[in-house]
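The values are calculated or read from the model by the stated rules, or taken from the named source; none is laboratory data. Source: prediction; values computed, not measured. Glycine gets a Cβ as well: all are built from the backbone with ideal geometry, and neighbour counts include every protein chain shown. Only protein heavy atoms, including side chains, enter the accessible area calculation; ligands, DNA and RNA are left aside. Shrake-Rupley method; radii C 1.70, N 1.55, O 1.52, S 1.80 Å.
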Number of protein chains: 2
Amino acid sequence: MVPHSSCLTYNGKNGVSALPNRASQVLHNEEPDSHIHPKVPGWFSEDCPIWPGQAHFLRVEKILFQGKSKYQSMMVFQVMLIGGGDGGILREISRHSSVEQIDICEIDTMLIDVYKEFFPDVAIGYEDCRVKLHVTDGTLFLNSVPSGTYDAIIVDAFDPIRPDHELFESEFFELVSKALRPGGVLCIQAESIWFKSLDIEQLLTKCRQIFKGCVDYAWTTVPAYPSGVIGFLLCSTDGPCVDFRNPINPIDPQNYGISKQPLKFYTTEVHSAAFCLPSFAKKFTDPKAKSSSCNGFDRERH
Amino acid sequence: MVPHSSCLTYNGKNGVSALPNRASQVLHNEEPDSHIHPKVPGWFSEDCPIWPGQAHFLRVEKILFQGKSKYQSMMVFQVMLIGGGDGGILREISRHSSVEQIDICEIDTMLIDVYKEFFPDVAIGYEDCRVKLHVTDGTLFLNSVPSGTYDAIIVDAFDPIRPDHELFESEFFELVSKALRPGGVLCIQAESIWFKSLDIEQLLTKCRQIFKGCVDYAWTTVPAYPSGVIGFLLCSTDGPCVDFRNPINPIDPQNYGISKQPLKFYTTEVHSAAFCLPSFAKKFTDPKAKSSSCNGFDRERH
């Protein structure tokens, strides 16, 4: 989103990317309500208490892998759509030639091994020569780096089912803010606007107190997530103004990076459109965006 | 979308609107695979053969109504979100003061009665004094009106589960085209871009041969639909160019119409953003939009 030379991606526990394809899926079963349904054999069900009254069922054609690491249970099975994530964000970052260094924190090496075996097209991200893997807890790692180390920090560390997650605490955001250079950016998954389990407005208010730059909210479609969408919280630290809606260094669709495949979803227009929120969610928009260049999309239209 | 004085909405069989609220839901059970699941009592499941390997489950707290009209089975039950449709589009049209006349075709009066009883906030659309209800088959009705009668025709006639539906046939589109004035517009639900059951590209090609004006494709989020999104096919007849992306008569958010409630979802920005399609779906975009005013969003950005 901004020209950057160093980038930290932080895959803590769970990660599912938004790149759909007919592939297998890995599910990280930490929740008691994600399981092969006892009464509907052959179907995996995701029936989370914070989305009461709804469940998403996936037919399990074949269980390819089942295992338990120190951190989570994993099950890999064949389903119709969705590509699962670990290494996926690395693969996408690899499309940006301006990036000089990519540090990734992943505490669970079994997760990496499972992805490399069953999702080589996703795990290919690890093969980018700019990637340096740190097998450690992300928060510990952040504590160890000097202030202002990173231009961008991407957090893809958990399924969007835990609004009380420690990664939504002020302490974590302060740690991220400190690790970023002035005008550096954070991107973190932040719930679906359709569910009330996470108070997004409160989260944005908290982040505005910590980050001091631009704090904005975007959303996109993920067919396999309950409600079909996921949101992203974007924050920049005090410094040069970051216009999240209009990247000053747009992606080059001809640079396939390590993936060797063109983009399937992302375009510059889709990027800007992701910041257009429904009436009921307009309060999530950065107030600065009303009058500053942080609101390129609106500015150009009015 | 365009200034219009007369508008036909055509509710053939099924209709579910995209306005979420904590309310009851009516489901039109024509499909054998939409039912209270025999093995999971208390849960309604939608497990459609054209979306293999996925099912959406809704917990049924209480069945409020169960009945069978000449055209369909209906079940009304309490669920967490989604407002169901009949009268909903009328309610939304009522926000447009430029509309002088609204004809609606609905063949199934039991559906109207069920909505009036269980979804008065949706069925309130029928109370707009510009509405004239025609209890008849929409195709028969269209056959009976003189050429060029309507400025806009909106079809919300079926759940997005039947790509072989007669409403996607050339004969139906020709009938619509004939009933529209030059530069008149059609809006019809057209599947999710995530599913391959309907060949959207082929559909657009067919429509371009028939409508001769602008043919475009947009999408939006509907949490209760499988994949979480639904698409819209928009066609204009030969005549004054219609720029679907940038309404020349944008909605007045202060005009609540018959609903007496402000808009919950729609904004002018969300409208334009709905035409920004993922890379893999860019072929759905009107080729004329590349060089004409039908592509206001892109034009302003580049």
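Summary table below
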| quantity | calculated |
| --- | --- |
| Lysines with Cα under 19 Å of A:Lys264, excluding same-chain neighbours fewer than 8 positions away | B:Lys196, B:Lys282, B:Lys283 |
| Net charge over other residues, Cβ less than 10 angstrom from the Cβ of B:Ser98 (K, R count +1; D, E count -1) | -3 |
| Local electrostatic count at B:Ser147 - Lys and Arg +1, Asp and Glu -1, tallied over other residues with Cβ under 12 Å | +1 |
| Solvent exposure ordering (accessible area, 1.4 Å, most first) of B:Asp238, B:Asp252 | B:Asp238, B:Asp252 |
| Computed accessible area, A:Thr220, all protein chains, 1.4 angstrom probe, square angstrom | 30 Å² |
| Shielding score for A:215-223, defined as the mean number of other chain Cβ atoms within 10 Å | 3 |
| Simple label model, 7 Å out from Cα along Cβ direction - B:Thr136 to B:Lys70, nm | 1.4 nm |
| Peptide-level mean, for A:269-282, of C-beta atoms on other protein chains within 10 Å | 6 |
| Position A:Ser98, label points 7 Å along Cα→Cβ, spacing to each other copy in nm (shortest first, one decimal) | 4.0 |
| Net charge of neighbours whose Cβ lies under 12 Å from the Cβ of B:Asp113, counting Lys and Arg as +1 and Asp and Glu as -1 | -3 |
| Using a Förster distance of 56 Å, the FRET efficiency for A:Lys62-B:Cys129 (Cβ separation, nearest 0.05) | 0.40 |
| Segment B:Lys260-B:Phe280, extension gain: residue separation times 0.36 nm, minus the distance between their alpha carbons | 3.2 nm |
| Inter-label distance for B:Gln101 and A:Glu117, nm, one decimal - labels placed 7 Å from Cα along Cα-to-Cβ | 7.0 nm |
| Inter-chain shielding of A:111-124 (mean C-beta neighbours from other protein chains, 10 Å cut-off) | 0 |
| Nearest-to-axis residue of chain B, judged by beta-carbon position, where the axis maps B onto A, in Å | B:Gly228, 1 |
| Size-normalised alpha-carbon gyration radius of the stretch B:165-219, reference 2.2 N^0.38 Å | 1.11 |
| Relative packing of A:257-263, B:186-192, which averages over residues the other C-beta atoms within 10 Å, highest first | B:186-192, A:257-263 |
| Label 7 Å beyond Cα on the Cβ vector: A:Glu127 copy-to-copy distances, nm | 6.4 |
| Accessible area of A:Lys283 in the full protein assembly, 1.4 Å probe (Å², nearest 10) | 110 Å² |
| Exam field: A:Pro287 pseudo-label spacings to other copies (7 Å along Cα-Cβ), nanometres | 5.0 |
| Exposure ranking of A:Thr268, B:Thr221 by accessible area [1.4 Å probe, largest first] | A:Thr268, B:Thr221 |
